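Trainee: Handing you a structure now.
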Amino acid sequence: MRLPSGWAGAALAAALALAGCSTPCQELGNQLCTCRASTTDRSTCERAVKDELNRLKPSKDEESFCDEKLKSCKAPSGIDFCTWLDGAEGKVQCGIAYPPDTTTPP
């Protein structure tokens, strides 16, 4: 069965989207954007992430850092992601804060 040309283009676009055309830094940024209150705010946030990454052009090392943080930026089971992200652990695990300094005595 041959798909009509319009369907073929849509199928190709869907396949490319599923293939993961974004970078780890863009995926991480978009994940953080999910905590925006409205769909409009999320879309604006995702556009800002994309624009900033296009401007900065992260290096391979920076993309590797984002990939590591993307893997650790997951709320524990049963905890809302956005609530967890608002706490210190979430911020550290997602790469938006440094871990507490444990070398200095209290």
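Trainee: Cβ-Cβ under 8 Å, sequence separation 6+ or interchain: first residue in the stretch 44-59 and free of Cβ contacts under 8 Å to residues at least 24 places away in the same chain, partner in a loop (DSSP other than H, G, I, E, B) and among the basic types (K, R). Which pairs?
Mentor: Correct list of pairs: T44/R36; C45/R36.
Trainee: Report the residue count in the stretch 33-71 for those that are part of a helix (DSSP H, G or I), touching a helix residue (DSSP H, G or I) at 6+ places or on another chain (Cβ under 7 Å) and loosely packed, with under 13 Cβ neighbours inside 10 Å.
Mentor: Of the residues in the stretch 33-71, 0 are part of a helix (DSSP H, G or I), touching a helix residue (DSSP H, G or I) at 6+ places or on another chain (Cβ under 7 Å) and loosely packed, with under 13 Cβ neighbours inside 10 Å.
Read-outs: derived from the displayed coordinates by stated rules, not from any lab. Quantities reported herein were computed from a predicted structural model and do not represent experimental measurements. Backbone-built Cβ (ideal geometry, glycine too); neighbour counts: all protein chains shown.
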